[in-house]
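First comes the structure, then the notes that go with it.
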Amino acid sequence: MARKSPERILAEHRDEVQHRIESLQRHLASIVEQATWTTNDDEHDPEGVTIAYERAQTQGLLADAKAELDALDQAAHRIETGTYGQCLRCGKRISKERLEALPAATLCIRCTSARH
Ligand SMILES: [Zn+2]
């Protein structure tokens, strides 16, 4: 079985993240809409609190997804410049298995665990 090219893997992940961003944005829009229909602006209104919480959580997920998209774009740029798959810290090659699971990875497993 031929391995997928890094470009292909990146493109697939990018599609997936893009879809996730779109659905999160739709979800966020519906939360905002729901919030405007909730006329009660009492902070102690349990429903208002739930909406605020869900909104914050969705915004967090959206920020994560956007950061992931950025990372994937940077990885695509590294393919062009020929530095893709190289650990930014120690310069060694990142394993193919790791890149398939995490195509935007910039550190090898050893450096990632050393960082924590
Ligand atoms: Zn490393």
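Note on Ala63 and Cys90: the model spin-label points, each 7 Å out from Cα along the C-beta direction, lie 3.2 nm apart.
Per atom type, the chain shows carbon and sulfur on 54% of its accessible surface, probed at 1.4 Å. The relative contact order of the chain comes to 29 percent, based on Cα pairs under 8 Å that sit 6 or more residues apart. Taken per residue, the accessible surface of the chain reaches 71 Å², heavy atoms only and a 1.4 Å probe. With Cβ to Cβ distances under 10 Å as the rule, what net charge do the other residues near Gln34 carry (K, R +1; D, E -1)? Every neighbour counted, the sum reads -2. The average projected area of segment 6-86, computed from the convex hull of its Cα atoms over all directions, is 6.2 nm².
Net length available on complete extension from Asp70 to Leu28 is 13.1 nm, with 0.36 nm assigned per residue and the Cα-Cα distance removed. Amide H contacts for Gln86 (H built 1.01 Å from N in the peptide plane; partners 5 or more residues away or on another chain; cut-off under 5 Å): Ile94.
The values are calculated or read from the model by the stated rules, or taken from the named source; none is laboratory data. The structure displayed is predicted, hence computed values, not measured ones. Methodologically, a virtual Cβ is constructed for each residue, glycine included, from the backbone with ideal geometry; neighbour enumeration extends over all protein chains shown. The accessibility values were calculated without ligands, DNA or RNA, using every heavy atom of the protein model including side chains. Shrake-Rupley method; radii C 1.70, N 1.55, O 1.52, S 1.80 Å.
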